[in-house]
Protein chains: 2
Amino acid sequence: MSIQPPRPRGPSLNALRAFEASARLGGFTAAAEELNVTPGAVAQQIKNLEDWLGEPLFQRTSQGVRLTALGEATAGRFSDAFDQLGEAVGHLRARASTAQISVAALPSLAQCWLMPRLPALRRALPDLVISVTALEKPPNLIREAFDVSLFFSEAAPGADEIRIAEDRIYPVCAPEVAASVSSVDDLTQVPCLRDGHWQADWQVWLRRAMPDRPIAVTGPQYSLYSMALDAARSGGGVLMGHDSLVAPLIERGELVRLFDLTVPTGRWLTLRTTRPVHPALKRFIDLLAS
Amino acid sequence: MSIQPPRPRGPSLNALRAFEASARLGGFTAAAEELNVTPGAVAQQIKNLEDWLGEPLFQRTSQGVRLTALGEATAGRFSDAFDQLGEAVGHLRARASTAQISVAALPSLAQCWLMPRLPALRRALPDLVISVTALEKPPNLIREAFDVSLFFSEAAPGADEIRIAEDRIYPVCAPEVAASVSSVDDLTQVPCLRDGHWQADWQVWLRRAMPDRPIAVTGPQYSLYSMALDAARSGGGVLMGHDSLVAPLIERGELVRLFDLTVPTGRWLTLRTTRPVHPALKRFIDLLAS
DNA sequence: AAATCGGCATAGAAAATCTATGGTGAAGTG
DNA sequence: CACTTCACCATAGATTTTCTATGCCGATTT
């Protein structure tokens, strides 16, 4: 008979992950979002870890948290370790023959760019299960179980990134609305539709259209670009169109361009992938980027 | 309002750890021991991981498990990642000012070697909380929350190991028993106490004492060396004494040596530590090794 | 002054994880 | 040849961990 008493328990792996994410992202709330839990859950995990350690890792202030010296000194090691773990999981998935791909995309891109392409993709890759998740902000592909992300990015493309198209904007509206807008000044007389996340679009375009005489436009705001797009299609006003998203509608005659001024926003529609890329994913990406 | 749907869930960290341990130790049972859970729990974790992956990682045979090609190809990455994670936790503990030390030791060493030294150690390091866990086999110091381990080892000492003493054996008994044993042959007439884990001790010693004429001794067996030692002290028979464990009792006259033959077992009492070593631990080790 | 943004604490709910149990086939043992 | 042992499986129920929900606080912004 052998002695089998309780061994000293280490910290929970989830607590370590919560610490790492909070340290890297600079707050419990951001970490909670990445980990897909509530901020309270992260706060608790970190408290557990601090209790186990007997020492605080974050210094709480009323407007957020800051790493203590101890936290600062060790956070990097945890990030490295979890990077490596994420990479190992990536290899596992890449070598497994499971034909599963999950895409993270900006809601507008998911709906207006990806969805129209999905039927053809599914037809070309019938053995592939493709799932799409709409996210406001690009996920950390090393940590989360996404294979591909599709967002607008200003940065120069990295090694695992492909620039698909430049983001260019111009006003668009339904054909029957176009008649009532003959000059830029007329825009003040019609509803100028806006997307909540791209509030600045109109200003960006107007600054170029009327550099000397600033004008202000107003109109309803939609939380999703696709909703604003629907509104524009049904004659609800003028929308600041993003070329990648409205071009097919213009081609089909559902929308028409107003004026000829196209303004680049300085961002690019960027597809980012995890490494390593398994064969099915490679084919998927090649089709998307072509 | 933003879209916050379920993100694709990755595998649980605990499942990954169970996989890593099982792959490294070559079985669910061994992994369960290290992780301090039942084998069934490990089997379930691994099944979860395989279900998530859609592919088996182990090939089950009736006498154990073997890694599949996929498991073989990725297990190493997970070991590296968890090594790094363990190291990060080690740094965390090392920099924290918590004066907590936990020692893993062979039951016999814990009771007969460490316990007698503990009072002095606690007196010398009063601000240190020292806990001791008896284990049959040395724990993996990178993975588990031990600071120091104390076992007999045949291998040449590594970088984080200190050889404290050579393991040498010789028969001992209570003074009143010594009178009835004047030659090695007399050993067949008295109970020869044995420890369950050191069954071979008598054979090792007798092979040297009587190289030409092998004799067999018999006697009760105890699961713990300290029990056999108590039996010997109270006159229950002759015990094969390990020098490090019985020397103090001989000095105090509670036991006497029989014959003059001391046989080295080829093993060494070895103290192993984690790196990095924090200051309190350093002082502890220095005291133990001196 | 009100709204917003992190963060905290707590209780109860949900989910993950573990144990316990009985069963299998293969290998070793008397 | 039966008998034991060993490692693993499956399942159900218990336990522990983790999460959500809620109300609260203090600082910044409007």
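Some observations on this one:
- Here's how it looks for residue A:267: its modeled amide H is under 5 Å from those of A:167, which are all 5 or more places away or on a different chain.
- Solvent-accessible surface (1.4 angstrom probe) belonging to residue A:108, in square angstrom, nearest 10: 10 Å²
- Under Karplus coefficients 6.51, -1.76 and 1.60, residue-wise ³J(HN,Hα) of segment B:143-159 in Hz, glycine/proline x: 8, 9, 7, 9, 9, 9, 10, 9, 9, 8, 9, 8, 5, 4, x, x, 4
- Rounded to the nearest 20, the Cβ-based charge dipole of segment B:167-267 about its Cα centre (Lys and Arg +1, Asp and Glu -1) stands at 200 debye.
- Dimensions of the protein assembly as shown from C-alpha coordinates, computed as largest minus smallest value along each principal axis and given longest first, are 123, 52, 31 Å.
- Taking the accessible area of segment A:167-267, probe 1.4 Å, and keeping the other protein chains in place, the carbon and sulfur fraction comes to 50%.
- Rounded to 5, the percent of DSSP beta bridges in chain A classed as antiparallel: 65 percent
- J(HN,Hα) series, segment B:236-245, from Karplus relation 6.51 cos²θ - 1.76 cosθ + 1.60, nearest Hz, glycine and proline x: x, x, 9, 10, 7, x, 9, 3, 4, 9
- The largest accessible area among B:167, B:212, A:185 belongs to the first residue in B:212, A:185, B:167, and the rest follow in falling order (1.4 Å probe, all chains).
- Accessible surface of segment A:13-94, 1.4 Å probe, proportion on carbon and sulfur as whole %: 49 percent
- Taking amide H positions as modeled 1.01 Å from N, with prolines and chain starts lacking one, the residues under 5 Å from residue B:104 and 5 or more places away or on another chain are B:133, B:147, B:148, B:149, B:150.
- Test item: Cα-centred dipole of segment A:13-94, Lys/Arg +1 and Asp/Glu -1 on Cβ, debye: 120 debye
- Partner lysines whose Cα lies under 30 Å from the Cα of residue B:47, excluding those fewer than 8 positions away in the same chain, are identified as A:282, B:137.
- For the protein assembly as shown, DSSP calls about 65 percent of its internal beta bridges antiparallel.
- In sequence order, calculated HN-Hα J values of segment B:98-105 (Karplus, 6.51, -1.76, 1.60; Hz; x Gly/Pro): 4, 8, 10, 10, 10, 10, 9, 8
- Counting only DSSP H runs of at least 4 residues, each contributing -39500 (n - 2.57), and dividing by the residue count of chain A, the helix-based mean residue ellipticity at 222 nm comes to -12000 deg cm²/dmol.
- Interface between chains A and B: roughly 4800 Å² of accessible area buried, both sides summed (probe 1.4 Å, protein heavy atoms only).
- Kirkwood radius, segment A:21-62, all distinct C-alpha pairs, inverse of mean reciprocal distance: 10.4 Å.
- Using a probe of 1.4 angstrom and keeping all protein chains present, the accessible surface of the protein assembly as shown works out to 46 square angstrom per residue.
- Lys, Arg +1 and Asp, Glu -1 on Cβ, resulting dipole of segment A:88-200 about Cα centre, debye, nearest 20: 580 debye
- Label-point distances for residue B:183 to the equivalent site in the other copies, using a point 7 angstrom along Cα→C-beta, read 13.1 nm when ranked shortest first.
- Loop-exposed trypsin sites (Lys or Arg not before Pro) per DSSP, neighbour cap 11 Cβ within 10 angstrom, longest uninterrupted part of chain B: B:10-251
The values are calculated or read from the model by the stated rules, or taken from the named source; none is laboratory data. Not measured: the values here are computed from a predicted model. Ideal geometry is used to build each Cβ from the backbone, glycine not excepted, and the neighbour counts take in all protein chains shown. Each accessible area value is taken on the protein alone, full model and side chains, heavy atoms only, with ligands, DNA and RNA left out. Shrake-Rupley method; radii C 1.70, N 1.55, O 1.52, S 1.80 Å.
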